[in-house]
1. Where in the chain are there trypsin sites (Lys or Arg not before Pro) that are in a DSSP coil and have at most 10 other Cβ atoms within 10 angstrom of their Cβ?
2. Give me the dipole magnitude in Debye, nearest 20, for the chain about the Cα centre, with unit charges on the beta carbon: positive for Lys and Arg, negative for Asp and Glu.
3. Let me have the 222 nm mean residue ellipticity of the chain computed from DSSP H runs of 4+ only, each contributing -39500 (n - 2.57), with the sum over all residues rounded to the nearest 500.
4. In the chain, which GluC sites (Glu not before Pro) fall in coil by DSSP and have 14 or fewer other Cβ atoms within 10 Å?
5. Net charge near Arg28, counting Lys/Arg +1 and Asp/Glu -1 over other residues with Cβ under 12 Å of its Cβ?
6. Measure nothing fancy, just the Cα-based angle from helix 35-46's long axis to the longest principal axis of the chain, in degrees from 0 to 90, nearest 10.
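Computed from the coordinates by the stated procedures, all read-outs in this text should not be read as laboratory data. The structure presented is a predicted model; accordingly, all values stated were derived computationally and were not measured. Cβ placement follows ideal geometry from the backbone for every residue including glycine, while neighbour counts extend to all protein chains displayed.
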Amino acid sequence: EIIAQACGCDIIFDSRLRELNMGVLEKRHIDSLTEEEENWRRQLVNGT
């Protein structure tokens, strides 16, 4: 809001742009995930 005000820009909220809490998957390389963990990751990312 501060930046938008300084620039004279409108703020546009878009629910597709959100931060995800990946829990136990945080800071892990995708290659190191088990099949089950990869399924969890996919569900979180896809919103299913």
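1. Arg16, Arg18, Lys27
2. Once rounded to the nearest 20, the dipole reads 40 debye.
3. -10500 deg cm²/dmol
4. Here the GluC sites (Glu not before Pro) that fit, given the DSSP loop and packing criteria, are Glu1, Glu19, Glu26.
5. -2
6. Taking the Cα atoms of the chain, the angle to 35-46 is about 20 degrees.
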